[in-house]
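One structure is given here, and the rest of the page talks about it.
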Amino acid sequence: MRAAIYKKYGPPEVVKLAETDRPSPKANEVLVKVLATTVNRTDCGFRSAEYFVSRFFSGLFKPKYGILGNEFAGIVEEVGKDVRLLFVGDKVFGYNDVNFGAHAEYMTIAETDAITTMPDHLTFEEAAPITEGAHYALCDIRAARIKSGQNVMIYGASGAIGSAAVQLLKYFGARVTGVCNTQNVEVVKSLGADQVIDYLTEDFTKIDLKFDFIFDAVGKSSFRQCKPLLKKNGTYISTELGKNSENIFLALLTPISGGKKVLFPLPSIKKEDVVFLKKLVETGRFKPLVDRLYPLDNIVDAYKYVETGQKRGNVVITLK
Ligand SMILES: NC(=O)c1ccc[n+]([C@@H]2O[C@H](COP(=O)([O-])OP(=O)(O)OC[C@H]3O[C@@H](n4cnc5c(N)ncnc54)[C@H](OP(=O)(O)O)[C@@H]3O)[C@@H](O)[C@H]2O)c1
């Protein structure tokens, strides 16, 4: 099969297209013919190993799994002998950040992992980007215990996580203020944000509103900067570690001292989460924002674009 393979950590160019063996499903796994996938910041993080900690999962000195790609949409081509929930011919989508493998024509995944059948009306390109940004957003929203009517600020509302967070928070009944640049104001409004601040023309720290939750979905702010905007028991979460990994230390200390706090939840995804997101898509409550599509042959260009840090939502890879 054709696959985007990386044999060492490094810049986008370490990824090379090559022929390799098609994987065989174990007894509890399905073989998926991948028709669409994404290049996202999780792929970039594991490919560059910029944060050394990722190597504890992906291989200390060189990549353990040679094929990245965590989100996928495709068709079940073969099932292991113990598989009961999925059938050959099912259109499926899901997420696999344990051994990745979606940047290839075929991948395997356990039927009990984060995989389910696709919403009926969706194309493969629309289904592939449902899970990555949304599951990070979901973990953080759940950790902040958001209730209907609460005030939430999403800093970086135009990224994969931010654009999913706007829609999920609206589903949970929050009042959402999004922060993005001028070009993305209309998009963020169209996702459902009640108010949008253009960070190029307005200082978001000076607005006259207090928040129950400030979610920095691009990791560019700090607790110190956002603290004055939080209500008495408000929560701050960032998707990045922050300067000198301060968000880890703040997440250990601030919940003990009481009042305004930082949380740093560890993301996870289960089959139930994928089923939950599928229902939101089917009922029109969530639609992943898609920026660009690239064929698998141009995956290095896709990586380069994602690493500009300026994509709007998601970058999809097609394999037809
Ligand atoms: N290490 C990992 O495994 C991993 C995995 C997933 C996510 N993450 C982190 O999570 C964060 C979000 O990921 P993502 O995929 O959602 O990001 P993304 O899609 O790459 O975010 C890009 C968007 O953020 C906006 N943005 C950039 N700087 C901004 C700023 N200062 N203020 C407001 N908006 C800004 C960009 O618009 P403009 O620049 O045009 O304003 C663009 O629309 C990233 O920091 C990423 O590194 C890390």
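Every number in this text was worked out from the coordinates using simple rules, so none of it is lab data. Just so it is clear, the model here is predicted, and its values are computed rather than measured. Neighbour counts are summed over all protein chains in view; Cβ atoms, including those assigned to glycine, are modelled from backbone coordinates with ideal geometry.
Details
- Relative to the longest principal axis of the Cα atoms of the chain, helix 271-282 runs at roughly 80 degrees.
- Amide H contacts of G313: G159, A160, each under 5 Å away and 5 or more positions distant or on a separate chain (H built 1.01 Å from N in the peptide plane; Pro and chain starts excluded).
- The C-alpha atoms of the chain define a longest principal axis, and helix 246-257 lies at about 50 degrees to it.
- Distance between the modelled labels on E19 and T283, one decimal in nanometres: 4.9 nm (7 Å Cα→Cβ projection).
- Largest-first principal axis extents, alpha carbons of segment 95-191, Å: 42, 31, 26
- Of the trypsin sites (Lys or Arg not before Pro) found in segment 109-208, those in coil by DSSP whose Cβ has at most 15 other Cβ atoms within 10 Å are R145, K147.
- The phi torsions of segment 136-152, fed into the Karplus equation with coefficients 6.51, -1.76 and 1.60 and a -60° offset, translate into couplings of 5, 4, 4, 4, 6, 5, 5, 4, 7, 6, 5, 10, 4, x, 6, 9, 10 Hz, rounded to whole numbers, with Gly and Pro shown as x.
- Given charges at beta-carbon only (K, R positive; D, E negative), |dipole| of the chain in Debye: 940 debye
- Spatially proximal aspartates and glutamates relative to K232 (Cα-Cα < 20 Å; intrachain offsets below 8 disregarded): D140, D208, D212, D216
- Sequence-distant residues sharing a close amide H with A174 (under 5 Å, placed H): G149
- Computed about the Cα centre, the dipole magnitude for segment 195-320 is approximately 380 debye when only Lys and Arg (+1) and Asp and Glu (-1) carry charge, each at its Cβ.
- The lysines whose alpha-carbon is closer than 26 Å to the alpha-carbon of K270, local same-chain residues fewer than 8 away aside, are K26, K33, K64, K81, K91, K147, K170, K278, K279, K287.
- Cα-Cα over 22 Å, subset of K62/K311; K189/K210; K7/K304: K62/K311
- Trypsin sites (Lys or Arg not before Pro) lying in DSSP loop within segment 1-109, provided at most 15 other Cβ fall within 10 Å: K7, K8, K26, K64, K81, R84
- With the charge dipole of the chain set up from +1 on Lys and Arg Cβ and -1 on Asp and Glu Cβ about the Cα centre, the Cα lying farthest toward the positive end among the listed residues S24, L250, G66 is that of L250.
- The angle between the Cα long axis of helix 160-171 and the main principal axis of the chain comes to about 70°, on a 0 to 90 degree scale.
- Residue among A110, P129, V92 farthest towards the positive dipole end of segment 84-142, charges placed on Cβ: A110
- The reciprocal of the average 1/r between distinct C-alpha atoms defines the Kirkwood hydrodynamic radius, which for segment 198-320 equals 17.4 Å.
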